[in-house]
There are 2 protein chains.
Amino acid sequence: MLSIASNNFNIFATMISVVIIGGGNVSHHLTQAFLDCNKVELKQLYARNINSIIEFQSRVSITDNITLLTDADVYIIAVSDDAIAEVSSQLPHHKLIVHTSGSVPMDTIANRGKKGIFYPLQSFSKNKTVDFSSIPLCIEAENETDFKLLEKLASFISEKVYAISSDQRSKLHVAAVFVNNFTNHMYKIGNDICESYNVPFEVLLPLIKETALKVEEVKPDFAQTGPAKRKDEKTIERHLELLNSNQKEIYQLITKSIQNG
Amino acid sequence: MLSIASNNFNIFATMISVVIIGGGNVSHHLTQAFLDCNKVELKQLYARNINSIIEFQSRVSITDNITLLTDADVYIIAVSDDAIAEVSSQLPHHKLIVHTSGSVPMDTIANRGKKGIFYPLQSFSKNKTVDFSSIPLCIEAENETDFKLLEKLASFISEKVYAISSDQRSKLHVAAVFVNNFTNHMYKIGNDICESYNVPFEVLLPLIKETALKVEEVKPDFAQTGPAKRKDEKTIERHLELLNSNQKEIYQLITKSIQNG
């Protein structure tokens, strides 16, 4: 244990310095989190469009010229998935370069031996403040030194740091599509039904919240209720009559899936 | 306005007295809410199986003999949907009788001219304490006097009282299936994917919570993100390869539905 402690000391004797690449939601909230934690030297922000990061100019150096990046321990790429490869090829190859995407393989980064992942598993909106400390940060690196550095960096802004391999991350990402994107589509259909029958959608909000909070305590399997689960064909028939053809198709498929367990 | 105030005075000069029929989750939480609010005279609880209500015996009269019910202003039937008709036929026909179901028509109640609905739109678990004040109560009655009585009764335990017709309620119920039962099934698939690849499901919990809370501020339509929404076929293809045939069928159908708006 002593040797680990001494390693840590060598690595973290000085503040970890960071450059963030990107002007979107993830970049915005990461920047905010690093600035707030006071334990990270955020050296520079880069964005193709300077206006997307202009709000931070009084607190950190900003640039729209990728050839003028300053030196840092970690370069965090928070750009759209398709741009990661190209952006990474313009960064200093001997430095630790990580991206923040849930679905792009680590190998997409164009340097050798110092790649990594720094993936915050949350859905961000620019205008909505987030408490970064509760957001899971999934990290990965090609070697242990870099992993420890990322682990340390992540622990400064989040209480939930997970070692997740690229393979696991790709599965996590598809799981996230179900619990986030597809769940939101269930809300959308609920909203459509309410609107078409003049019922305020807000009536459903407490139920939506309770459903989400329930799985923090009970596995989704055990939390399942409703006509599908109890094979209440009479209610299912009544429901199908109220739906349009698209809604009906989804209702039938998910009902079947619930019943097949 | 004066005449309404004076009507109110006549109706509510004394406490509203209530008998609750049923020993399940809804009955349990309703009983708790009425006992806590101190503004309702909860006269009696009935359940076929006395053990299901025995916990309340020190605070309210309980019985398992439906022929021995005491007199009350309102009889609230909180039994399974299929039992509502039969139970209601055994209650005093000249009294206001309401049920708590989301999907059963008001007409199922077997009295004349004094039927009503008292539907708390929430998913209850017996062991989980709920804050009833935030639960929407959807009420309906056959005449205005009874409606006002139910409105008053509902307002004692909930801050969210809605006048919802039987027709609207049936639509609300199918919408609730989407945002509760089907959403929970999305969580279940997310959990299955995590388990099959050894990723802890808890990593997804903050995302689940954020997704639910987001629609309190943004309409689901505008909250939609993800590969389906942005027509990211590359990611969709990668995702489909990771899913079993049932998950794949659901992924494809919901993706199509999101894309068709």
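Nothing in this text is a laboratory measurement; each read-out follows from the coordinates by a stated rule. What you see is a predicted model; the values in this text were computed from it and never measured. Cβ atoms come from the backbone with ideal geometry, glycine included; neighbour counts cover every protein chain shown.
Legend: residue pairs A:Lys229/B:Lys148; A:Lys95/B:Lys209; A:Lys171/B:Lys256; A:Lys115/B:Lys231; A:Lys95/A:Lys128, Cα-Cα distance threshold 26 Å; pairs beyond threshold, A:Lys229/B:Lys148; A:Lys95/B:Lys209; A:Lys115/B:Lys231; A:Lys95/A:Lys128. Legend: calculated FRET efficiency, B:Gln259 to A:Asp221, from the Cβ-Cβ distance at R0 = 25 Å, rounded to 0.05, equals 0.25. Can you give the Kirkwood hydrodynamic radius for the range A:170-259, in Å, rounded to one decimal and based on Cα pairs? So the Kirkwood estimate lands at 14.6 Å.
Computed from the alpha carbon positions, the gyration tensor of the protein assembly as shown leads to an equivalent ellipsoid with semi-axes of 54, 23, 21 Å, biggest first.
Simple point charges give the picture: +1 on the Cβ of Lys and Arg, -1 on the Cβ of Asp and Glu, and for the protein assembly as shown a dipole about the Cα centre of about 20 debye.
To check you understand DSSP bridge types, tell me what percent of the beta bridges within chain A (both residues inside) are antiparallel, rounded to 5. Restricted to chain A, the bridges split so that about 20 percent are antiparallel. For peptide A:245-254, the mean count of partner chain Cβ atoms within 10 Å of a residue's Cβ comes to 4. Shape of the range A:2-164 from the C-alpha gyration tensor: rounded (a/c under 1.5, with a ≥ b ≥ c the square roots of its eigenvalues). One residue of chain B places its C-beta nearer than any other to the axis carrying B onto A; that residue and its whole-Å distance are B:Ala212, 2. Ascending distances from the B:Ile50 label point to its copies in the other chains, with the point 7 Å along the Cα-to-beta-carbon line: 8.3 nm.
Distances between placed amide hydrogens fall under 5 Å for B:Ser61 paired with B:Leu45, all partners being 5 or more residues away or on another chain. The modelled label-to-label distance between A:Glu237 and A:Thr67, using points 7 Å beyond Cα along the C-beta direction, is 7.4 nm. Say we join alpha carbon atoms closer than 10 Å with springs in a Gaussian network model of chain B; which of B:Lys160, B:Lys229, B:Lys115 then has the biggest fluctuation? In this elastic network of chain B, the residue with the biggest mean-square fluctuation among B:Lys160, B:Lys229, B:Lys115 is B:Lys229. Using the Cβ-Cβ distance between B:Met15 and B:Asp167 with R0 set to 30 Å, the FRET efficiency works out to roughly 0.40. In the protein assembly as shown, the DSSP-assigned H stretches of four residues or longer account for a calculated mean residue ellipticity at 222 nm of -12000 deg cm²/dmol, using -39500 (n - 2.57) per stretch and the full residue count as denominator.
Look at the stretch B:40-52: the mean tally of other chain Cβ atoms within 10 Å of its residues' Cβ atoms is 0. Counting only DSSP beta bridges with both residues in the protein assembly as shown, the antiparallel share comes to about 20 percent.
Within the listed set B:Asn246, B:Asn127, B:Asn38, the Gaussian network model of chain B (springs between alpha-carbon atoms below 10 Å) gives the highest mean-square fluctuation for B:Asn246. The other copies place their B:Arg230 label points at 4.2 nm from this one, listed shortest first, where each point is 7 Å from Cα along Cα→Cβ.
Other residues with beta-carbon under 13 Å from the beta-carbon of B:Ile21 carry, at +1 per Lys or Arg and -1 per Asp or Glu, a net charge of +1. If you build a Gaussian network model of chain B, linking Cα atoms that sit under 10 Å apart, which residue out of B:Tyr187, B:Tyr162, B:Tyr251 swings the most? Taking springs between Cα atoms under 10 Å, the residue moving most is B:Tyr251. In this assembly of identical copies, the label point of A:Glu86 (Cα plus 7 Å along Cα-to-Cβ) is separated from its counterparts by 7.0 nm, sorted shortest first. Shielding value for B:222-231 is 5, the average number of Cβ atoms from other chains within 10 Å of each residue's Cβ. Set the Cα radius of gyration of the range B:178-223 against 2.2 N^0.38 Å, with N its number of residues, and you get 1.27. Counting neighbouring beta carbons within 10 Å and listing from fewest to most, the residues B:Met186, B:Met15 come out as B:Met15, B:Met186.
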